[in-house]
């Protein structure tokens with residue numbers, strides 16, 4: 001059975017107020033009890049700025065994704081990704097903002113290998129080409145999972161990323177993230193959590209980081225109607241920025 005969802009979001013940002021209209025379509029190609037393809041999703045605002053994504057599964061192991069962003073009637077970003085799932089590894093190849101006439105763009109490849117049921121290691125290679133400048137950047141990644149805890153890290157010559165996730169119970173999940181950029185001499189730590197209340201059809205997510213940015217999202221399923229009400233807010237005390245949004249998801 002095809003699934004179609006429609007969402008309407010209203011956002012208040014400082015002194016500005018605007019709407020976004022979104023739609024999601026899920027096809028009938030069932031891959032697993034929780035996966036079906038193709039998936040088409042996008043949103044648009046009154047100014048005509050559009051975000052669109054298409055996901056399709058080819059066989060049991062290969063998946064493709066196309067993402068595009070249009071602003072002021074021009075393509076500002078295009079990204080094409082192919083993911084392959086092996087028995088003990090995953091790999092992906094991404095082409096971003098390709099310009100075939102001037103032969104420019106960004107090419108990113110990922111590889112992650114499971115060494116044991118708990119440990120996986122891999123790497124990433126990003127290559128930017130065209131316009132007389134070629135830049136390559138490599139990074140290493142690792143993930144270790146034990147029980148309901150997951151630790152992951154990504155290390156490159158100029159940046160370091162560490163993450164810890166813990167499923168404390170069926171209702172509560174917490175996570176800690178640390179980003180370090182040595183070239184900019186900046187670091188950010190983030191604490192996040194998620195609370196699921198199935199009996200109340202309620203999901204609450206919250207986060208706070210060291211830049212004093214606080215964010216929260218509340219999602220409420222309006223049973224027995226096929227509606228989900230979403231309320232979100234974010235405030236940055238240092239930049240004195242505030243965002244408040246609400247949405248209604250149909251489907």
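Please treat every number below as a calculation from the coordinates, not as lab data. Everything numeric here is computed off the predicted structure, so don't read it as measured data. We place every Cβ from the backbone using ideal geometry, glycine too, and count neighbours over all the protein chains shown.
When you count the other C-beta atoms within 10 angstrom of each residue and take the mean per peptide, 144-152, 190-198 line up highest first as 190-198, 144-152.
In this rough spin-label picture, where each label sits 7 Å from Cα along the Cβ direction, the residue 111-residue 138 distance is 1.0 nm. Compared with the rule-of-thumb size 2.2 N^0.38 Å for a compact globular protein, the range 1-147 has a Cα radius of gyration ratio of 1.29. Relative contact order, whole percent, for the range 83-145 stands at 25, derived from Cα pairs under 8 Å and 6 or more residues apart. Taking every alpha-carbon pair under 8 Å whose residues sit at least 6 apart, the range 99-235 reaches a relative contact order of 11 percent.
Per the Debye formula on identical point scatterers at the alpha carbon atoms of the chain, with no solvent, log10 I(q)/I(0) at q = 0.13, 0.14 Å⁻¹ is -1.30, -1.57. Ranked by the mean number of other Cβ atoms within 10 Å of their residues, highest first, the peptides 100-111, 128-139 come out as 100-111, 128-139.
Per residue, the average separation of C-alpha pairs within less than 8 Å and at least 6 apart gives the chain a relative contact order of 11 percent. Grouping the Cα pair distances of the range 81-131 into 10 Å bins from zero gives a pair-distance distribution of 24, 40, 23, 11, 2 percent in increasing distance order.
If you take the square roots of the eigenvalues of the alpha-carbon gyration tensor of the range 148-213 and sort them as a ≥ b ≥ c, do you get rounded (a/c under 1.5), prolate (a/b over b/c) or oblate? Oblate, because a/c is 1.5 or more while a/b does not exceed b/c. Calculated on C-alpha atoms, the gyration radius of the range 141-251 divided by its Kirkwood radius gives an Rg/Rh of 1.06. Taken along its three principal axes, the alpha carbon spread of the range 68-159 comes to 49, 27, 23 Å, from the longest extent down to the shortest.
Computed with the Debye formula from one identical point scatterer per Cα of the range 194-248, without solvent, the log10 of I(q)/I(0) at q = 0.15 Å⁻¹ comes to -0.49.
Segment residue 125..residue 73, full-extension length gain: 15.5 nm, with 0.36 nm per residue of separation and the alpha-carbon distance subtracted. A straight chain from residue 169 to residue 244 at 0.36 nm per residue would run longer than the Cα-Cα distance by 24.1 nm.
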